[in-house]
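To start, the structure under review is shown below, and the notes come after it.
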Amino acid sequence: MARGLRRNTAAWLLLGPSSLALVLLFVLPIGYVLLLSVTDPRLGLAHYQRIFTVPLYTRVLVNTFLTSLVVTACCLVLGYPVAYVMARRGGWISTMLLTIVAMSFWTGFLVRTYAWLVILGSKGPVVAGYQALGLGQAPRLLFTTFSSTLGMTHILLPYMILALFAIMKKIDPDHLKAAASLGARPGAAFREVFLPLSLPGVVNGSLLVFVTCLGFFVTPVLLGTPRDMMISQLINQQIDELLAWGFASAVSVVLLAATALVVTVYNRFAGLDRLWG
Amino acid sequence: MTKPIAVNAGRRAFLKGAAAAALAGPLIVTDRSIAQTRTIYVNTWGGSWTAAEEAAFFKPFTDATGIRVRTVAPVSYAKLKAQVQSGTYEWDITAITQADLLRADREGLLDPVDWSVVKKDKLFPNAVYANGLAYCALGTNLAYRKDKFPQGGPKSWADFWDVKRFPGNRSMLNNAVRSLQFALVADGVPPDKVFPMDVDRAFKKLDQIKPHIKVWWTQGNQSQQLLRDGEVDMMVMWNARASELAQQGHPVELVWHGATITTTMWGVAKNAPNRKLAWEFLQFAVQPKPQADFANRLYYGPTNPEAFKHISGEVARQLPTYTENAKVAIKPDTVWEADHTARIQERFTQWLAG
């Protein structure tokens, strides 16, 4: 009894600081946002009504989720082979790839966004290469949905690769050897053994990229068109330009609820405890 | 044997130092606390703007009064509101657009002008507005690349809208009120009759140009990059940003007809800890000499007419408050803007995304 109590005390002491920090820095502010959304400037659900009746907000909300979905898919398609090579090939290839991914990861996203402005710009290497090959007028690349998606994919790709790599690295190479010894061709061994074992990485990476992407706005503003507007941009506009904190809070709550829904679905099918491998 | 002595000597020196510090302690603390109360904090835009302020306002003010000036960037109205509501202050003074100043004043976020510090006879006409002091005037103009129009470039918003006579890539500022103003002038409304705005008419006119706008820019740096790299041939641009490109040798020309001239203001946050010193600084900042120094560095117009005495004719012609420029520009109606911005902004954002 006494020992159990002491163990409990120790557990509480260990949990205390982080729980306090979470409550102070996360739960309370979000509670305040929730409160603002129904009280500022007056009590009521008018803000929520506006979000779901003015077409702009539902439209941008839907676009935010669609864009995040596309970016997640692009990251997965591009990131999977890289992570595969990193995990399966040891030595300098793996180290080099890891270094490149980490460097990209550590470079500020604004810097990477401006880099695309130069690369895809009318005086950039892509257009110059196009003309040097005699292909005539290059298609418009910059300030399109394409460039905005490309920029976001570039920024989020390292998250996907690292999440995949963490899982793939743990897959025992002997499993594949066993599959081969049982007569599986490399393709079949990958399909039947490696791919299913790497699925937790796929789910983790996708969730990480998807949720991060939901909050993006600078990259689509600088590289995309007004049609590519993300919900954070609207929230920022309401807070900083229009000082409409109540309405901004309501939009944030809707975004938070939608994100929570995605995470809940994930938890249902994959389990949150597996997020970090 | 030498070692302990060294330690002893060191300790003795330390003890002496500590004793001296203990004696001098109260003096040092007092000195420091005076220095601390004599520092003001200013919220400003950063970059070349703050560099110009440093040279024109902050350093001369510190030299004259001993009051130090620290800056915080970028300007944030949201933070102004948060500071006043929470009573925790990061800065005392903010640079702010006139329309936002008016909104802030209506919300009770501004310190009333302290007439015990500010002397009326030291101000120029219209220096005070909504508890702020007029800082400088900013032009939002049509700017274009001369090299793309050898036969002569666009001279008005009607030309900007004329994609047949003036083909080329275009860019506009992602700002509802400005865009609507320019559309009305393009549609034939005289610049001094734009307000109150016929919003429906303006949107109809904007529909025509929308497919030809390659980028809707939001940041000053971004606007310069677009014109410098030739991404676009003509665009809506802040006058000093365009002048800066011209100074760097880029073939950039500014049009003053139908430009919008807005006033940037200084405001003091309500109950800010250093508000007395803040008003002392603001009185200093609106005097002719500092205003001219600022305008000579960044081509935003001085609000104090006397400042033009310290500005060369060559520079004066490029400033928004130069008589010939101001005459043909849109006359803004800050009250109308403050009353309608939120509604118009929503419609504009929806229009852009559609």
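Nothing in this text is a laboratory measurement; each read-out follows from the coordinates by a stated rule. Note that the structure is predicted; figures quoted are calculated from it, not measured. Positions of Cβ are generated from backbone atoms using ideal geometry, with glycine treated the same way; all protein chains shown enter the neighbour counts.
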CD proxy at 222 nm, helix term only [per DSSP H run n ≥ 4: -39500 (n - 2.57); per residue of chain A; nearest 500]: -24000 deg cm²/dmol
Charge dipole (chain B, unit charges on Cβ, about Cα centre) - positive-most of B:183, B:82, B:142: B:82
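Restricting to the protein assembly as shown, what percent of DSSP beta bridges are antiparallel, rounded to 5? Write out the running numbers ahead of the final one.
On the way: 26 of 40 bridges.
For the protein assembly as shown, the DSSP antiparallel bridge percentage is about 65.
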Candidate aspartates and glutamates for bridging to residue B:146, where Cα separation is under 19 Å - those fewer than 8 sequence places away on the same chain excluded: B:159, B:162, B:229, B:231, B:233, B:244, B:253
Quick one: dipole size for chain A, taken about the Cα centre, charges +1 on Lys/Arg Cβ and -1 on Asp/Glu Cβ, in debye to the nearest 20. 560 debye
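In debye, nearest 20, what is the charge dipole magnitude of the protein assembly as shown about its Cα centre with +1 on Lys and Arg Cβ and -1 on Asp and Glu Cβ, if you could check?
Numbers: 62 positive and 42 negative charges, 348 e Å.
Value, rounded to 20: 1680 debye.
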The set of residues whose placed amide H lies less than 5 Å from the amide H of residue B:40, leaving out same-chain residues fewer than 5 positions away, is B:68, B:69, B:70
Which residue fluctuates most in the GNM of chain A (Cα springs below 10 Å): A:40, A:240, A:174? A:174
Cross-link partners of residue A:169 among lysines (Cα-Cα below 17 Å; sequence separation of 8 or more within a chain): A:177
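Residue by residue through B:76-83, how many Cβ atoms from other chains fall within 10 Å of the Cβ on average?
Numbers: counts 2, 5, 9, 1, 1, 3, 2, 0.
Neighbouring Cβ atoms belonging to other protein chains average 3 per residue here.
For segment A:46-274, take the alpha-carbon Rg, divide it by the Kirkwood Rh, and send me Rg/Rh. Can you show the working numbers first?
Details: Rg = 20.9 Å, Rh = 19.9 Å.
That ratio is 1.05, to two decimals.
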Exercise: per-residue mean of other protein chain Cβ atoms within 10 Å, B:345-354: 6
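Can you pull out the trypsin sites (Lys or Arg not before Pro) in segment B:136-213 that DSSP calls coil and that have at most 12 other Cβ atoms within 10 Å?
Details: sites: B:145, B:146, B:148, B:155, B:164, B:165, B:170, B:178, B:193, B:201, B:204, B:205; in loops: B:155, B:164, B:165.
Here the trypsin sites (Lys or Arg not before Pro) that fit, given the DSSP loop and packing criteria, are B:164, B:165.
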Counting other beta carbons within 10 Å of each Cβ, put B:300, A:266 in order, fewest first. A:266, B:300
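In debye to the nearest 20, how big a dipole does segment A:152-270 give about its Cα centre with +1 on each Lys and Arg Cβ and -1 on each Asp and Glu Cβ? Before the final figure, lay out each step's value.
On the way: 7 positive and 6 negative charges, 95 e Å.
I would put it at about 460 debye.
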Using the count of nearby Cβ atoms within 10 Å as a rough guide to exposure, how do B:351, B:266 rank from fewest to most? B:351, B:266
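Quick check: net charge around residue B:144, other residues with Cβ under 11 Å of its Cβ, Lys/Arg +1 and Asp/Glu -1?
Numbers: positive: B:145, B:146, B:148, B:155, B:170; negative: B:147, B:159, B:233, B:253.
With Lys, Arg at +1 and Asp, Glu at -1, the net is +1.
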When A:144, B:39, B:323, A:219 are arranged by how many other beta-carbons sit within 10 Å of their Cβ, fewest first, they go B:323, B:39, A:144, A:219
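I'd like the mean, over residues of A:226-234, of how many other protein chain beta carbons sit within 10 Å of each residue's own Cβ.
Mean shielding by partner chains, rounded to a whole number: 3.
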